[in-house]
Amino acid sequence: MRKCVNWLFLAGAGLVLVIVVVVFHYGIFPILVRSQVSKTLALNNGTDAWDRFVKLPVPLRFGVYFFNLVNLDGFLQGEKPIVQEVGPWIYKETRVKYNLELNDEEDTVKYQQKQFFEFDAEASKPLTEDDYVQPANIIPQVVNTIAERAPNLGWLNEILELGFPAVLRENYGMRLNRTVKEILFSGITTHCPPNGTLAAITICSVLRHFPGIKSLSKYPNGDMNVGILRFRNDSLSETFEVYRGNKDFNKIGQIVSIDGKRSLNHWYGEGCNKVAGSYDESLLQPFLTQDSILNVYGSDICTSLPMSVVGSMSYKGVDCLKFSPDKKFLGSVVDYPENFCYCPGSIEGITLGQSCLRTGAMEFAACQGFATMEG
C-alpha cells in the first residue's frame, strides 16, 4: 500500500512539475521577456535604444534605377515609348533626427529628420555616378502636365513648345542625356533671363509659381534647377510625433501626428490621408507575427503603405519575417473601391482631376507637386 502511495505521490508531483513548466514556458516566460524588451527598447534619453532611434547605426541601402528611352525617333512619331531598365546605382542612406522634444505625460517624442545620401561605389560596380543615362525629359513633362490639367489652359502647350529650346538649351528634347549625379542631385538647370521670349517667360513662370514642386530650386538670377533627390538630401523633414513605448509598448514608434495633423490633405479621402496609427520607416511595430499587417508611412508618397508577410528568412542566426507591400495598395478601383481616393485629382487645387490608373500604377503628383509614377 505504501509503495502505491509513493508512486501516486511521485506521479502527482511530476504532473504538477510539468504543468508548472508549461505555464512558465508559454505564459509567464513570454510575459517576462516582453516586459524586459519593453524596458530595454522604450525611447528614453541616455539609453542605447534612444541613440539608435536618433541615428540609425547602419546605413540603409537605397537603389536607383533609370529607364532609358530607346526609340526616340519612333516616339516622336507617335509610337509607344520603349524603355530599357539600367541600374542599380547604390547609395548609403543615413537618417538622423533633430529638434527632439519629449512629452512625458503623453509618452511621445516630436522630431524632424534629415536623410544623407552617399554613393556606394563598391556596391554599384561597375556603375558610377558619372555614367550617362537617357530617360525621358521630366521638365517638359511637368510643364505640359500642368498646362494640360489647368482649366482652360490646354491651348498653352503649343506656345510653350516654342519656349523650351531657350529655357532648356543643351537639355532641350524629349530625352535627357545627363549623368546620374546630375539628374539626382546636382540638377538640370532651366534658364530664365528677364529678357526672354514670351513663351520662355511663361514656362519659367509656371515652374516658379506652381506650388509644391519639391525637387525645384530657385536661384536669385531667376534661373531654376531640378534635382530629383536633392530635396531629400540634408533637408529637414516634417515634424513627426510618435509614441515612446513607456506606457504602452505595443504603440512604440506609432505616429500620433505629422506637423500636428492626424490626417494629411494630399489625397481625396480620409482612408488615404490618415497617418495616425501608422509607423515611421525607422521604428516599426514590435512583436510581429506571420499574420501581422504593417502600415508604414512613406514621406515620398505622402500616405501609409500596408505591408504583409510574404515569407521568412534567417539573418546572422536571427529568424526574420519578410514583408512586402500588400497587393491592394497598387490595386485598381475595380477590385479595391477604397483606392478611389488615390486616383489622380487636382494638384494643389489648381489642376483638374484625371481618371483612375490600372493595377500596378499610381500617380503621386498630389504629393510631389508634379506627375510622378510608381509601380
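The alpha-carbon atoms of the stretch 242-333 define a convex hull whose volume equals 121 cubic angstrom per residue.
Loop-only check: which trypsin sites (Lys or Arg not before Pro) in the stretch 281-335 are DSSP coil with at most 10 other Cβ within 10 angstrom?
Sparse-neighbourhood loop trypsin sites (Lys or Arg not before Pro): Lys316.
If the cut-off is a Cα-Cα distance under 28 Å, which lysines reach Lys274, setting aside same-chain residues fewer than 8 apart in sequence? Straight-line reach from Lys274, under 28 Å: Lys55, Lys97, Lys110, Lys114, Lys214, Lys247, Lys251, Lys261, Lys322, Lys327, Lys328.
Take the Cα of Ile82, step 7 Å toward its Cβ, do the same at Asp259, and the gap between the two points is 4.4 nm. For the stretch 84-95, putting each phi into the Karplus relation 6.51 cos²θ - 1.76 cosθ + 1.60 with θ = phi - 60° gives couplings of 10, 6, 10, x, x, 8, 9, 10, 8, 10, 9, 10 Hz, in residue order, rounded to whole numbers and with x for Gly and Pro.
A Cα-only calculation for the stretch 168-240 places Rg and Dmax at 13.4, 44 Å. Ranked for footprinting exposure by Cβ neighbours inside 10 Å, fewest first, Ile188, Ile252 give Ile188, Ile252.
Assign one of three labels to the stretch 157-301, namely rounded, prolate or oblate, based on the Cα gyration tensor with a ≥ b ≥ c the square roots of its eigenvalues; rounded applies when a/c is under 1.5, prolate when it is not and a/b is larger than b/c, and oblate otherwise. Prolate shape, in that a/c is at least 1.5 and a/b is the bigger ratio. Between Ser186 and Asp300, full extension at 0.36 nm per residue minus the direct alpha carbon distance yields a gain of 39.1 nm. Phi angles across the stretch 67-74 convert, under the Karplus curve 6.51 cos²θ - 1.76 cosθ + 1.60 with θ = phi - 60°, into 3J(HN,Hα) values of 10, 5, 7, 8, 9, 4, 4, x Hz, Gly and Pro given as x. Sorted on the mean count of surrounding Cβ atoms within 10 Å across their residues, most packed first, peptides 124-132, 161-169 read 161-169, 124-132.
Values quoted throughout were computed directly from the atomic coordinates according to the rules given, and no laboratory measurement underlies them. These figures come from a predicted structure and were not determined experimentally. Note that each Cβ is placed from the backbone with ideal geometry, even for glycine, and that neighbours are counted across all protein chains shown.
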